[in-house]
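Here is the structure we will look at.
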Amino acid sequence: MRTFSRFLMGASLAVALGAVALDCPVVAQQSMPSGPPKVLQITREFVKPGKGGGLHDKSESVFVQAFTKAKWPTHYIGFNALSGRNRADFFVGYDSFEAWEKDNAAISRNPALAAALDKAGMTDGDLLSDFDQGVFMLDPDLSYKPSTDDPKVRFLEASTYHVRPGHQAEWEEVVKMVKDGHAKAGTSAHWDMYELVYGGDGGTYLVLTPMHSLSEVDTGFAEDKKFDDAMGKDGLKKLEDTFGSAVDVTDHQLLGVNPHMSYVSDDWIKADPFWKPKPAMAPAAKPAAAPARTTP
């Protein structure tokens, strides 16, 4: 699948950087614009072994219920990792950092909502082994066929790239070559690119490709030859050499949407009932063993 990230998966690079995944605008947000949000805040929850599945879904649904009761205008989407460490990733987008600040301030001024979130957080925290957050900014110039507001998205390919200090120009050249190659080949590739600005190493870029179905991965792989032919032997060699000079670490992950952990707009729910599933149920407890009979 020669999306931007899939082509570069083929380069001979060390794989080490943990992906901080997302949605765009699989990412729900306040104003629900037609394109990807400018600011993307991502939270990763690493779930303890045996504490995932329905148990974690039920815990996260309490947050959804709290925001629904408050009729909160800012929405978010939760994903389960289909690769890598067992985790849940949550995405929320904003038009600006100021909008993010106002949202946080509004929550603090709502005692009922703040209390409900604190209570839910205490319960959910018992299921987690770790937790982190990252904040990203959209780079429109490095994106290709940016995503649109689409409630039919079910999966997300998320790839991170760390650019060596002083090699930004080469990185931008790499992206331009890949974009030109896909345009010439007429492939189905598309992505939104974000730069990490808080919460991790500088020079980290996040490439997101929303998908309706994993069949799109099959389609992408089938388009490999079209991309190769469009680039030509010399073009591919230049691309790989430039990429190897610009980037030192890369990582690729696959995520699946979890509606139990997502708080989306009424418009999305009306467009697709997938977003309003039946209440999440924790696994049923095993019945207690009957007491042993004693001989009189």
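The values are calculated or read from the model by the stated rules, or taken from the named source; none is laboratory data. Quick caveat, the model's predicted, so the values are computed rather than measured. Ideal geometry is used to build each Cβ from the backbone, glycine not excepted, and the neighbour counts take in all protein chains shown.
Pull up region 42-63, narrow it to residues that are crowded, with 21+ Cβ neighbours inside 10 Å and β-branched (Val, Ile, Thr), then point me to the one that is nearest to the chain's Cα centre (by Cα).
Looking at the filtered set, the residue picked out is 42.
Name the single residue, out of those in region 103-153 being part of a loop (DSSP other than H, G, I, E, B) and of a type in the set (Val, Ile, Thr), that is nearest to the chain's Cα centre (by Cα).
Let us first name the residues in region 103-153 that are part of a loop (DSSP other than H, G, I, E, B), namely 109-110, 126-127, 139, 143, 145-153.
Within this subset, residues satisfying the condition of being of a type in the set (Val, Ile, Thr) are 148, 153.
Working: 148: 15, 153: 12 Å.
It comes out as 153.
Just to be sure I understand, how many residues within region 189-236 are assigned to a helix (DSSP H, G or I) and either touching a Pro at 6+ places or on another chain (Cβ under 6 Å) or surrounded by 21 or more Cβ atoms within 10 Å (Cβ to Cβ) (or both)?
Within region 189-236, the subset assigned to a helix (DSSP H, G or I) is 215-222, 224-236.
Of the ones still in play, those that are also either touching a Pro at 6+ places or on another chain (Cβ under 6 Å) or surrounded by 21 or more Cβ atoms within 10 Å (Cβ to Cβ) (or both) are 220, 227, 231.
Here the count works out to 3.
List the pairs whose first member sits in region 43-57 and is in a loop (DSSP other than H, G, I, E, B), whose second member is surrounded by fewer than 15 Cβ atoms within 10 Å (Cβ to Cβ), and whose Cβ atoms are under 7 Å apart, counting only residues at least 6 apart or on separate chains?
These pairs meet every condition: 48/129.
Conditions (1) hydrophobic (A, V, I, L, M, F, W, C); (2) modelled with pLDDT of 95 or more; (3) touching an Asp or Glu at 6+ places or on another chain (Cβ under 6 Å), marked per residue:
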| residue | (1), (2), (3) |
| --- | --- |
| 164 | no, yes, yes |
| 171 | yes, yes, no |
| 180 | no, yes, no |
| 192 | no, yes, no |
| 212 | no, yes, no |
| 215 | no, yes, no |
| 224 | no, no, no |
| 245 | no, yes, yes |
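Among (1) farther than 17 Å from residue 209 by Cα; (2) part of a strand (DSSP E or B), where does residue 161 come up short?
(1)
So which pairs qualify, if the first residue must be in region 199-213 and among the aromatic types (Phe, Trp, Tyr), the second must be assigned to a loop (DSSP other than H, G, I, E, B), the Cβ gap must be under 8 Å, and the two must be at least 6 apart or on different chains?
Final answer for the pair search is 205/139.
Here are some residues: 60, 98. Which one is touching a Gly at 6+ places or on another chain (Cβ under 8 Å), charged (D, E, K, R) and in a helix (DSSP H, G or I)? So that I can check it myself, show each step before the final result.
On the way: 98 fails: touching a Gly at 6+ places or on another chain (Cβ under 8 Å).
60 is the lone residue from the list that is touching a Gly at 6+ places or on another chain (Cβ under 8 Å), charged (D, E, K, R) and in a helix (DSSP H, G or I).
For residue 279, all conditions in the list (1) under 29 Å from the mean Cα position of the chain (by Cα); (2) at pLDDT 95 or above hold save one; what is the number of the exception?
(2)
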